[in-house]
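The values are calculated or read from the model by the stated rules, or taken from the named source; none is laboratory data. Remember, it's a predicted structure, so these values are computed and weren't measured experimentally. Glycine gets a Cβ as well: all are built from the backbone with ideal geometry, and neighbour counts include every protein chain shown.
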Amino acid sequence: MKNIERKLLTAIVALSTAGVQAPAQSSDAALIAKAKAIHEHVIKLDTHNDIEPSNFTPDCNYTMRLSTQVNLPKMVEGRMDVSFMIVYVGQGPLTPEGYDNAYRQAIAKFDAVHRLTEEIAPDSIGLALSPADVLALHKKNLRIAVIGVENGYPIGTDIKRVEEFYNRGGRYMSLALNGNSQLADSNTGETEGYLYNNGLSPLGRQVIAEMNRLGMMVDLSHPSKGANMEAMRLSKAPVIASHSGVRALANVSRNMDDEQLLALKKNGGVIQIVGFAAYVKTDSKERVDALAKLRGEFGLDAQGGGRGGGGGRGRGA
């Protein structure tokens with residue numbers, strides 16, 4: 001990965017934190033004051049916000065107060081500077097027709113971000129392709145869009161599409177989502193079975209090398225543990241987990257366990273904690289038992305442990 005992209009997250013998050021002093025006391029008020037002081041000194045970013053092209057039209061777009069969690073009025077009021085807008089495509093069949101359909105969906109989302117930043121609201125938000133772009137746009141008092149790709153499925157079997165997605169603005173990509181892709185096993189393999197022995201396919205390994213060459217970060221937030229461990233061994237640059245949780249706290253198949261977190265530390269990568277309750281905290285035994293009793297009374301299907309394989313994506317938008 002090129003040095004400037006490799007530092008994309010750590011460089012801009014850590015910007016200007018020098019001089020922020022820890023409070024002498026440990027009261028809630030002091031902690032809040034410290035948090036506000038840090039907030040004033042850093043560039044604030046969210047590393048995973050889903051989008052829909054229907055919200056990027058002249059009549060309905062992010063300059064308006066939409067029902068989406070993220071849009072320009074909310075970014076301004078919340079003083080959030082950077083939004084990673086996500087080219088998300090759900091997993092479909094591993095067929096030529098499936099790849100073509102996924103590719104069309106991906107391009108529509110790439111085009112939507114470019115439309116917002118180049119046609120609809122160029123005086124309010126700009127597209128960043130590097131940390132230098134982030135800093136330059138921030139100095140202009142603009143909000144900033146960066147593009148992430150959630151699921152490598154849309155590249156099909158054409159590795160040249162990795163560079164195409166990079167040229168369209170993609171700066172990170174996950175190799176799988178919920179469901180095994182042609183590139184990697186998914187976290188859902190814990191219950192649905194794996195294609196690649198809980199790891200990467202030969203094409204997936206080539207894709208990681210190509211991402212490293214281009215300067216596109218590898219995202220670990222949905223592939224299986226085995227695929228993630230292999231990706232961290234292969235990647236020549238730090239990886240990220242753009243929206244994950246901690247498995248020791250919530251037993252969800254897409255959360256990272258201690259072994260993965262330690263490997264991430266060794267790799268020099270970072271994890272961003274997803275703001276989705278089911279991935280952050282584990283229900284008490286009493287609540288689990290009570291819900292199971294209710295399901296039995298109403299004749300509903302039981303829900304097993306290790307949630308997260310198919311139970312929601314922790315959507316960001």
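Computed values, structure above
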quantity: Index of the failed condition, G126 passing every other in (1) of a type outside the set (S, T, Y); (2) more than 28 Å from N228 (Cα to Cα); (3) in a helix (DSSP H, G or I); calculated: (3)
quantity: First in the stretch 67-88 and charged (D, E, K, R), second anywhere and in a helix (DSSP H, G or I) and crowded, with 20+ Cβ neighbours inside 10 Å, Cβ under 9 Å, 6 or more apart; calculated: D81/I12; D81/M75; D81/V134; D81/L137
quantity: Contacts under 6 angstrom Cβ, first residue in the stretch 220-235 being closer than 12 Å to R254 by Cα, partner acidic (D, E), 6 or more apart; calculated: S224/D185; A227/D185
quantity: Hits in the stretch 176-217 (condition: farther than 21 Å from S130 by Cα, hydrophobic (A, V, I, L, M, F, W, C) and in a strand (DSSP E or B)); calculated: L177, A184, L200
quantity: The stretch 115-172, subset more than 19 Å from the chain's Cα centre (by Cα) and among the small types (G, A, S), residue nearest to L214 (Cα to Cα); calculated: A132
quantity: Filter result for K265 (modelled with pLDDT of 95 or more and over 25 Å from F165 (Cβ atoms)); calculated: yes
quantity: Residue that is farthest from G245 (Cα to Cα), among those in the stretch 53-66 that are touching a residue at least 24 places away in the same chain (Cβ under 8 Å) and of a type outside the set (S, T, N, Q); calculated: P58
quantity: Hits in the stretch 112-142 (condition: in contact (Cβ under 8 Å) with a residue 40 or more places away in the chain and surrounded by fewer than 15 Cβ atoms within 10 Å (Cβ to Cβ)); calculated: A132
quantity: Within the stretch 34-92, considering residues that are touching a Pro at 6+ places or on another chain (Cβ under 6 Å) and in a loop (DSSP other than H, G, I, E, B), the one farthest from L183 (Cα to Cα); calculated: R65
